[in-house]
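*Asks:* Take a look at this one; I'll ask things after.
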């Protein structure tokens, strides 16, 4: 059985192979050679026009065949050189490139002329018959400047493509690292939130043990259900809204028993939003905050209202509670200066920022005396996979 290290290595190898397959389409052999051949055809058309206007008689087919074959050969040769010497082409300094490239370019030009002369024994036209090597020497001298330009043009083109590929790969890696970092931060925030929630709930159960053992036992069962939901989600970051509502309702059931006769509540959810994606455990900390800092201060007449609806292209959640109002300086947006009542709301703000960047809004304000409302606006996106786990933005 492979170890974790082996699996990681396999994953890295698969990613590298995928990166190789994503190389620029321009460097595919068919595309590369076809581009060279097309360039030769364009030069052939130019020469044919010049010959035609000059009144010379020469076979049109021969013009296009000779030019097309010449650039086809150059395409094949340059692509083969790139495949064989790609590391050198990509990394060689100016001195090394010139020291190795000049003799290599001369040898390549000579080799190309050898093949091309063998294919077209009737060229040069209107010249006395010349032996093979004489024709090679003749064409090599006549085409040397053009051949050198082709060789070095291809060299710098391949090098430029390589730089572009490296830049894209670095950007891809950087984006992946940013997403992994953001996910790690969110996971850390979730780890911070779970003990915080558990600690507060256990305190509630401890208090009930002295007055209502049956209620405390019921709270333990409900807490067990909440912990099971949390464990089932594992590291999933985005979940359907109906799952988050189920979690919140279970938590509200616990609070109903603790605050029986003191707090009433209402929960309204637009059916169109049931499958919308939301960050896991995004409502519970706000509801908990409403109880701890507002509703728990009342002996009677407390009310908590939760409303979730679609607002254009965004999902809007409003959590309103009666009780003690806000302290001076606590009212504010997502990036405001308010304290946000400690761990719960600070955690929510941080996770929203990591998930959505500037595409979300969070505010807490006192809409009436001793009536506080928390508002959340996030992009509306329907769930197609309940195992959504990636963030939308890097840190």
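Yes or no, residue by residue, for (1) surrounded by 13 or more Cβ atoms within 10 Å (Cβ to Cβ); (2) in a helix (DSSP H, G or I); (3) modelled with pLDDT of 90 or more; (4) at positive phi:
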residue	(1), (2), (3), (4)
291	yes, yes, no, no
296	yes, yes, no, no
304	yes, no, yes, no
326	yes, no, no, no
337	no, no, no, no
340	yes, no, no, yes
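*Asks:* Considering each of 75, 95 in turn, give the residue that is exposed (fewer than 13 other Cβ atoms within 10 Å of the Cβ) and within 40 Å of the chain's Cα centre (by Cα).
*Replies:* Going through 75, 95 in turn, the sole match is 95.
*Asks:* In the set 284, 255, which member is crowded, with 19+ Cβ neighbours inside 10 Å, closer than 24 Å to residue 382 by Cα and modelled with pLDDT under 90? Let's see the steps before the verdict.
*Replies:* Numbers: 255 fails: closer than 24 Å to residue 382 by Cα.
On inspection, the qualifying residue turns out to be 284.
*Asks:* Among all residue pairs at least 6 apart or on different chains, which show Cβ distances below 7 Å where the first residue, located in the range 94-120, is free of Cβ contacts under 8 Å to residues at least 24 places away in the same chain and the second is part of a helix (DSSP H, G or I)?
*Replies:* Cβ pairs passing all conditions: 114/136; 117/132; 117/135; 117/136; 117/139.
*Asks:* I would also like to ask the following. Taking residue 152 and the conditions (1) over 42 Å from the mean Cα position of the chain (by Cα); (2) assigned to a helix (DSSP H, G or I), which numbered condition does it fall short on, given that it satisfies the others?
*Replies:* (1)
*Asks:* Among 261, 253, which is outside any helix (DSSP H, G or I) and more than 36 Å from the chain's Cα centre (by Cα)? Working first, answer last.
*Replies:* Values: 253 fails: outside any helix (DSSP H, G or I).
Just one listed residue meets the conditions, 261.
The values are calculated or read from the model by the stated rules, or taken from the named source; none is laboratory data. The shown structure was predicted, so the numbers you read here are calculated from the model rather than taken from an experiment. Please note: Cβ atoms are built from the backbone with ideal geometry, for glycine as well, and neighbour counts cover all protein chains shown.
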